[in-house]
Amino acid sequence: MIGLTVTRSKILARVSVLQNILKRYRKRNREPKVTNSQRALEYFDIAYAPVYGTRWPSVRLALLSKPKYVAVLNNFASYDETIKRFQTLGAWDIGKKYSAIRERIRMRQEQKQTVSNDREGGTDEATATGKFVRPSLVELDDDELAARARLEPKGRYPEEYRQRAAAQSPDMEEVDVTSRVIEPSEAGSSLLVDYVPATRLKGLENWMEEADVFTNASQDDQEIGVTVVKQEEPVDFPEMLKIFAFEKGNISDFPQPRSDPQLRVLDHYAMDGASLLPVLALDVNPGDRVLDMCAAPGGKSLLVLQTLLPGLLVSNDVSESRVKRIRNILKQYVPRGMSTIENMTVVTQKNGCIFREAEEYDKVLVDVPCLTDRHSLMEDDNSLFKTSRTKERLKLPELQSQLLVSALQAVRPGGTVVYSTCTLSPLQNDGVIHLALSRIWQETTIECSIV
Ligand code: SAM
């Protein structure tokens with residue numbers, strides 16, 4: 001009898017422990033801990049779904065998928081072996097593909113033009129070519145940076161690099177450039193240029209500030225004195241850039257970069273394929289003075305350098321630790337003692353919002369800090385969706401527009417500013433551009449066109 005009582009009480013004690021565990025488990029399930037990436041996804045679902053409509057599910061899926069990397073060959077290293085290795089892996093040369101697609105577009109435009117000329121009996125030459133005519137370079141002043149830029153740019157790069165980069169690699173196979181080309185008509189109308197009206201964001205308490213900024217930003221182009229120039233021809237793909245990618249649907253990784261034993265630099269740099277676009281949009285010309293205003297860790301600066309085109313490249317960032325990363329990248333990819341490159345590459349640590357060099361640069365890249373959508377979904381640490389960083393997140397549009405205003409003041413008349421983000425937020429893209437342009441319109445005499 002005694003033994004049975006003990007056993008019963010033991011059983012009851014265990015049942016009680018189990019009940020407690022169950023209670024705790026249920027409680028935890030009732031109030032699940034929301035992670036920063038879940039908070040980000042929730043935000044994107046509310047803010048982006050109305051903008052991207054039926055495309056949102058596939059855009060969302062892409063955001064949650066692995067990014068697609070491309071490999072940028074280092075023009076300052078020996079890369080023939082690397083090219084062979086990439087080709088064996090099935091990667092193809094983006095520059096070749098780009099040029100072929102561009103040629104197709106050009107031919108189609110010519111055909112269209114011939115048809116319309118036949119119908120209308122002629123048109124003027126400027127409209128026919130659709131070319132954006134750039135004013136010639138303004139005189140440089142005698143500032144130290146400008147003085148360096150005055151040197152003849154082509155002579156600044158060791159000729160062997162130019163020649164080798166220009167030469168066709170012996171084993172380079174011809175790629176089928178006509179497949180997998182998406183016609184603009186197939187892509188449909190781009191929703192990327194529509195941004196959320198302020199009212200859509202209202203009612204969501206902690207996003208009210210974004211809505212406020214946005215109200216300011218939603219003026220028409222004419223109200224802020226901006227003309228829109230349609231650039232009919234795509235920009236040129238810089239001849240010297242050698243970039244490899246895997247075909248559509250193949251998200252293989254490139255092998256780790258190898259160190260060149262003689263030059264002690266790495267043979268290639270892997271970067272998210274989308275990062276190429278802002279640099280291509282810069283359309284760097286020989287001798288251009290280029291400012292990369294928010295440059296760290298330095299991927300896009302490196303890409304600009306690899307075009308072998310600029311006469312001066314200033315890579316700036318506000319953060320000391322991140323400026324170190326720019327220097328590190330340059331060290332890893334430019335051989336030590338190559339004074340021609342070292343002299344034309346300047347790294348600075350300044351607050352881009354108060355850049356003092358007015359009308360100094362031919363090209364300015366403003367690759368602003370932003371929501372970094374994909375990073376926010378993948379990384380829980382260091383996320384802008386941490387509750388402790390809410391204020392910082394809400395202030396981003398203000399910071400971005402200030403950086404853009406500053407860039408528009410740093411560029412010379414006739415020069416180009418490229419504003420880029422890695423977010424789909426309509427507010428942080430078109431919204432910020434409108435906000436910055438309206439400030440420029442109200443506070444300066446600068447005239448801007450959106451190309
Ligand atoms: N362009 C870089 C690349 O391709 O490697 C990435 C730039 S990252 C998106 C944004 C950068 O802006 C960060 O490195 C950040 O430190 C910098 N930044 C933030 N505020 C800034 C400011 N006021 N002035 C200059 N840089 C700033």
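The values are calculated or read from the model by the stated rules, or taken from the named source; none is laboratory data. Keep in mind that this is a model prediction, so the values were computed, not measured. Here Cβ is always computed from backbone atoms with ideal geometry, including for glycine, and neighbour counts include all displayed protein chains. Ligands, DNA and RNA are stripped out before the accessible areas are found, and what is left, the full protein with its side chains, is counted by its heavy atoms. Shrake-Rupley method; radii C 1.70, N 1.55, O 1.52, S 1.80 Å.
Observations on the model:
- Spans of strands (runs of 3 or more DSSP E) in the stretch 238-337 with at least 3 residues of a type in the set (A, V, I, L, M, F, W, C): 243-245, 312-316
Each row is one residue, and each column tells you yes or no for (1) open to solvent by 40 Å² or more (accessible area, probe 1.4 Å); (2) of a type in the set (Ser, Thr, Tyr); (3) on the phi < 0 side of the Ramachandran plot; (4) modelled with pLDDT of 95 or more.
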| site | (1), (2), (3), (4) |
| --- | --- |
| 64 | yes, no, yes, yes |
| 68 | yes, no, yes, no |
| 71 | no, no, yes, yes |
| 82 | no, yes, yes, yes |
| 86 | no, no, yes, yes |
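- Residue 281 falls short on exactly one of the conditions (1) away from the ligand (no atom under 12 Å from the Cβ); (2) open to solvent by 10 Å² or more (accessible area, probe 1.4 Å); (3) over 20 Å from residue 316 (Cα atoms), and that condition is (3).
- Here the stretch 341-359 is the region considered, the condition is being loosely packed, with under 14 Cβ neighbours inside 10 Å and assigned to a helix (DSSP H, G or I), and the residue that is nearest to the ligand (Cβ to nearest atom) is 354.
- Whichever residue in the stretch 289-340 is open to solvent by less than 20 Å² (accessible area, probe 1.4 Å) and of a type in the set (S, T, N, Q) and, among such residues, is farthest from the ligand (Cβ to nearest atom): 307
- Odd one out for residue 383 among (1) closer than 16 Å to residue 37 by Cβ; (2) within 16 Å of the ligand (Cβ to nearest atom); (3) surrounded by fewer than 19 Cβ atoms within 10 Å (Cβ to Cβ): (3)
- For the stretch 344-387, a residue qualifies if it is among the charged types (D, E, K, R) and under 28 Å from residue 69 (Cβ atoms), and the qualifying residues are 363, 367, 373, 374, 379, 380, 381, 386.
- Residue match in the stretch 103-115 (condition: within 30 Å of residue 329 (Cβ to Cβ) and either assigned to a helix (DSSP H, G or I) or of a type in the set (Phe, Trp, Tyr) (or both)): no
- Of everything listed in (1) part of a helix (DSSP H, G or I); (2) within 15 Å of the ligand (Cβ to nearest atom); (3) surrounded by 15 or more Cβ atoms within 10 Å (Cβ to Cβ); (4) hydrophobic (A, V, I, L, M, F, W, C), the single unmet condition for residue 370 is (1).
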